[in-house]
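First up is the structure itself, then whatever we jot down about it.
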Amino acid sequence: MAHTIILPYYSQDEVQRYTKIIRHFQSLGKQSCSFNFLLAASPKIEPSEELRQVCSDVAPTYSFQCPTQVFGYPAGPTAMFWDAMDYTQANLQDADQGFALWLESDMVPVKANWLDRLDHEWKSEGQTPIVMGCYVPELYKVRLFRSKRLVLHEHINGGACYNKRLSSLLPDSVREEVFDMVIYREAKKIGLTICSEQIMFSTTHRARRDVMDQHKVLLHGFMQEKDQFVEKCCAPLTLLERGLKPWNGLIDAIEDMQRQVRMLWLRRGRHAVLENMYHTKRKLSRQIRRKAA
């Protein structure tokens with residue numbers, strides 16, 4: 001079995017960010033499981049020889065330029081995703097059904113055995129899953145004197161592990177929709193999803209605490225300043241941070257209270273949805289860990 005780590009990139013800035021992430025990945029040490037890289041360049045940028053060389057120092061590397069000429073958000077990333085999954089199925093599929101990890105440029109591995117742990121979770125079900133990643137529950141906006149309003153449907157965030165045969169497992173009609181939403185919806189119907197606590201959202205503010213969290217192996221700085229977030233995740237732990245570790249639970253609780261206060265004042269917009277999502281997600285994670293204890 002060989003897993004495939006897909007790096008989708010749209011600009012030279014992303015090439016530089018991925019270069020930093022891969023070098024950090026290399027510094028964490030070797031993984032026991034086999035893997036390779038697939039570098040998926042946007043139709044707007046030539047494949048990067050620089051990035052190919054950096055990745056080739058770590059594992060076998062394949063590189064191509066996505067052929068579908070669709071741009072803008074979310075249609076452009078969705079088209080690139082399906083181009084990459086088509087390439088994976090045609091060229092990188094294996095009999096033992098490893099996963100294809102869609103690694104966005106604000107996702108950073110933070111544990112020495114991160115890929116091995118994802119490999120173990122992927123193989124924990126009786127059947128090969130369709131998708132495994134960070135679950136986002138339904139989000140509601142609570143309004144005074146009015147019924148609550150749904151603002152975001154449940155799904156597994158796009159930076160996730162996918163079945164390498166995904167292109168043939170789902171009908172072509174789903175490609176017209178935002179890929180992470182529709183894949184979760186279709187996979188849930190047949191029960192082939194894994195909601196992982198190891199791939200997790202983080203913020204620039206709390207990244208250092210999450211690096212020390214034993215449950216998390218891959219952090220995603222969703223809607224954060226990407227370069228700053230990557231720097232935070234890649235920096236080595238200091239003696240001071242290790243000493244503060246016992247206090248992290250208290251710091252988390254204070255941060256949750258602050259977030260709830262902000263949610264009372266943020267009525268609309270992406271920032272309001274983000275605060276709501278982080279609060280709901282952390283609440284769900286605490287419930288899951290209590291049940292597992």
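The values are calculated or read from the model by the stated rules, or taken from the named source; none is laboratory data. Remember, it's a predicted structure, so these values are computed and weren't measured experimentally. Because the Cβ atoms are built from the backbone with ideal geometry, glycine has one as well, and the counts that use them run over all protein chains shown.
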Examine the range 44-54 for a residue that is assigned to a strand (DSSP E or B) and either out of contact with any helix residue (DSSP H, G or I) (no Cβ under 8 Å at 6 or more places or on another chain) or not aromatic (Phe, Trp, Tyr) (or both), and state whether such a residue exists. no
Among the listed residues 107, 85, identify the single one that is aliphatic (A, V, I, L, M) and over 15 Å from the mean Cα position of the chain (by Cα). 85
For residue 123, state whether it is at pLDDT below 95, surrounded by 15 or more Cβ atoms within 10 Å (Cβ to Cβ) and under 14 Å from residue 33 (Cβ atoms). yes
Of 196, 202, the only residue that is among the polar types (S, T, N, Q), buried (at least 18 other Cβ atoms within 10 Å of the Cβ), in contact with a strand residue (DSSP E or B) (Cβ under 7 Å, 6 or more places away or on another chain) and under 23 Å from residue 16 (Cβ atoms) is 202
Every residue from the range 186-202 that is among the β-branched types (Val, Ile, Thr) and touching a helix residue (DSSP H, G or I) at 6+ places or on another chain (Cβ under 7 Å): 193, 194
Restricting to the range 172-182, name every residue that is in a helix (DSSP H, G or I) and either out of contact with any His (no Cβ under 8 Å at 6 or more places or on another chain) or of a type in the set (Phe, Trp, Tyr) (or both). 172, 173, 174, 175, 176, 179, 182
Given the conditions (1) without any contact (Cβ under 8 Å) to a residue 12 or more places away in the chain; (2) buried (at least 16 other Cβ atoms within 10 Å of the Cβ), report the number of the one that residue 72 does not fulfil. (2)
Looking at 35, 25, which is the one that is under 20 Å from residue 91 (Cα atoms) and not in a loop (DSSP other than H, G, I, E, B)? 35
Those residues of the range 89-125 which are hydroxyl-bearing (Ser, Thr, Tyr) and within 25 Å of residue 222 (Cα to Cα), in sequence order: 105
Going through the range 119-134 in order, the residues found to be in contact (Cβ under 8 Å) with a residue 24 or more places away in the chain and either touching a His at 6+ places or on another chain (Cβ under 8 Å) or of a type outside the set (Asp, Glu) (or both) are 119, 122, 124, 127, 128, 129, 130, 131, 132, 133, 134
Across the range 214-238, which residue is surrounded by the fewest Cβ atoms within 10 Å (Cβ to Cβ) among those that are among the basic types (Lys, Arg) and not in a loop (DSSP other than H, G, I, E, B)? 226
Only residues in the range 208-232 that are of a type in the set (A, V, I, L, M, F, W, C) count as the first member; pair them with residues that are at pLDDT below 95 and part of a strand (DSSP E or B), Cβ under 6 angstrom, at least 6 apart or cross-chain, and list the lot. 222/201
Those residues that are of a type in the set (Phe, Trp, Tyr) and either crowded, with 16+ Cβ neighbours inside 10 Å or at pLDDT 65 or above (or both), I need them from the range 141-172; list them, please. 162
Within the range 135-146, does at least one residue satisfy the condition of being in a strand (DSSP E or B) and in contact with a Ser or Thr (Cβ under 7 Å, 6 or more places away or on another chain)? yes
Looking at 84, 100, 59, which one is at pLDDT 95 or above, part of a loop (DSSP other than H, G, I, E, B) and not aromatic (Phe, Trp, Tyr)? 59
Select from the range 29-56 the residues that are out of contact with any Asp or Glu (no Cβ under 7 Å at 6 or more places or on another chain), closer than 20 Å to residue 110 by Cβ and either modelled with pLDDT of 95 or more or polar (S, T, N, Q) (or both) and list them in ascending order. 35, 37, 54, 55
